[in-house]
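The structure appears right after this line, and notes come after that.
The values are calculated or read from the model by the stated rules, or taken from the named source; none is laboratory data. Just so it is clear, the structure is predicted and the values come from calculations on it, not from any experiment. Counting neighbours? That spans all protein chains shown, and the Cβs are built from the backbone with ideal geometry, glycine included. Areas reflect the complete protein model, heavy atoms only, side chains present, ligands, DNA and RNA absent. Shrake-Rupley method; radii C 1.70, N 1.55, O 1.52, S 1.80 Å.
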Amino acid sequence: MIYTIPYLLLLLFFFGLALYYEQAKDTETRNNISYGCLAVMLVFFGFRGFIFDDWQIYYSLFQDCSFENVWFNVYTYKNAHWTCEPGFTLLMATCKSLIDSYYFFNFVCTVIVTALLFNFFRQQKFDNLPFALILYLCFGGIIMSTNLMRNTIAIMVFINAIKYIDERKPIPFFLLCIVAISFHLSALMYLPTYFFLHRRINKWVFVGIFLIGNFIFLTHTSIFLKVMSVFIGTDSGRLSDMLEDYTSGTMDQATGISIGYLERLFSSFLIFCYYNRLVEVRKNNAIFINSFILYFVLTFYFSEFKEASLRMSYLFIFAYWILWRDLVYCYSIENNRRLFAGFLFLYCMLKMVGHTDIVTSEYDNVLFGAKSYEERLYIHNRFGEQE
């Protein structure tokens, strides 16, 4: 439990700001609160030490990176432990050429992610930024801001392209998708969304998808490998390598009744019940409802392998950040809104404990003294595998 304290304090801080934000009526005060949120996010995540898991890969990649080699061989960079997409590789090489420090590179990535996240909330007119950050952190964000560096930048680029789906502007949408793909190949899944993500579907179709997904999930029906084999065939390149990495687990890792499973059932139930109201609350909510359906499909239909299901579903987890906020406003009585928001915050606290109550999540910050790479590697290898 001790490992989760800094993360819970972060949530409590944003919760306090969210309450203050609601009470503040003037624009200047609300802007100052938003700037405070920005500063806290940059300090907390931008100067973080080696926490969670993926830093092992990215630290090694950064140490082996050479701007000269990347410039002449962007797509088949062979000095790294595994090939990176060109956009991320060029970003890493550029940062290293400026300041040869992994911490600097980590900070730059955090600045990019945070700026894109804040711009997304601004585009979607999220009226309480601290509350938005609570939803972000508890529904995927704590992992995205610490582990999934490449994936997260790709996701953040895409969610800033969503407005072009709504405005029916294909050129800027596909250009941003190409940028996202240059950071992580999984963003290829975003390309076809332009043609259907904005369309409102019958909510009973959602029920059918929900029932089939639960059947596949609970009966351990295999579908992922069959679908992926159709797309990549006998390809032995990057996609094939990703498939092998993501399907290295077993079905038991991703299936079973859990809090996460009950959360998805409850979320699906609420979205079904308030489907029409959600569309009234936000005119483009069909995009986020359809994104939630895609998140549900990727989680349940491809659940036979934990890593594949997790990485793929994260592409659309942003639907939670918008829909859960809008569900609060589906209640017409103010007191009911407050009760629901209070329940949501308590659940977010519970989720944060579940995400961070592990030894590898032990938080440290380079501004106040952080453990060295060697120390964290020893801790990870000694205790991380026991979790």
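Quick look at the values:
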quantity	calculated
Flag for S309 being touching a Phe, Trp or Tyr at 6+ places or on another chain (Cβ under 7 Å), under 30 Å from L12 (Cβ atoms) and among the small types (G, A, S)	no
Where A115 falls short, out of the listed (1) crowded, with 18+ Cβ neighbours inside 10 Å; (2) assigned to a helix (DSSP H, G or I)	(1)
Close pairs (6 angstrom Cβ cut-off, 6 or more residues apart or separate chains): hydrophobic (A, V, I, L, M, F, W, C) in region 258-271, surrounded by 11 or more Cβ atoms within 10 Å (Cβ to Cβ) and in a helix (DSSP H, G or I) anywhere	L270/L327
Leading residue by the ranking (modelled with the lowest pLDDT) among those in region 211-232 that are closer than 29 Å to P170 by Cα and open to solvent by less than 90 Å² (accessible area, probe 1.4 Å)	I232
Positions within region 314-334 being in a loop (DSSP other than H, G, I, E, B) and among the aliphatic types (A, V, I, L, M), in sequence order	I317, I333
Residue within region 41-62 that is hydroxyl-bearing (S, T, Y), open to solvent by 40 Å² or more (accessible area, probe 1.4 Å) and within 25 Å of S372 (Cβ to Cβ) present	yes
Residues of region 146-166 that turn out to be open to solvent by 10 Å² or more (accessible area, probe 1.4 Å), part of a loop (DSSP other than H, G, I, E, B) and modelled with pLDDT of 95 or more, as a count	1
Given (1) more than 22 Å from T114 (Cβ to Cβ); (2) at pLDDT 90 or above, index of the condition L8 fails	(1)
Residues located in region 316-344, provided they are among the aromatic types (F, W, Y) and crowded, with 18+ Cβ neighbours inside 10 Å	F316, F318, Y320, W321, W324
Residues being free of Cβ contacts under 8 Å to residues at least 24 places away in the same chain, farther than 18 Å from L270 by Cα and either in contact with a helix residue (DSSP H, G or I) (Cβ under 8 Å, 6 or more places away or on another chain) or aliphatic (A, V, I, L, M) (or both) - total across region 293-351	2
When residues of region 190-210 are limited to those that are closer than 18 Å to K169 by Cα and in a helix (DSSP H, G or I), the one most open to solvent (accessible area, probe 1.4 Å)	F195
Considering residues of region 27-81 that are in a helix (DSSP H, G or I), of a type in the set (A, V, I, L, M) and farther than 18 Å from V113 by Cα only, the residue modelled with the highest pLDDT	I33
Residue in region 283-303 that is open to solvent by 20 Å² or more (accessible area, probe 1.4 Å), touching a Gly at 6+ places or on another chain (Cβ under 6 Å) and not small (G, A, S) present	yes
Flag for R311 being part of a helix (DSSP H, G or I), more than 23 Å from S186 (Cβ to Cβ) and not aromatic (F, W, Y)	no
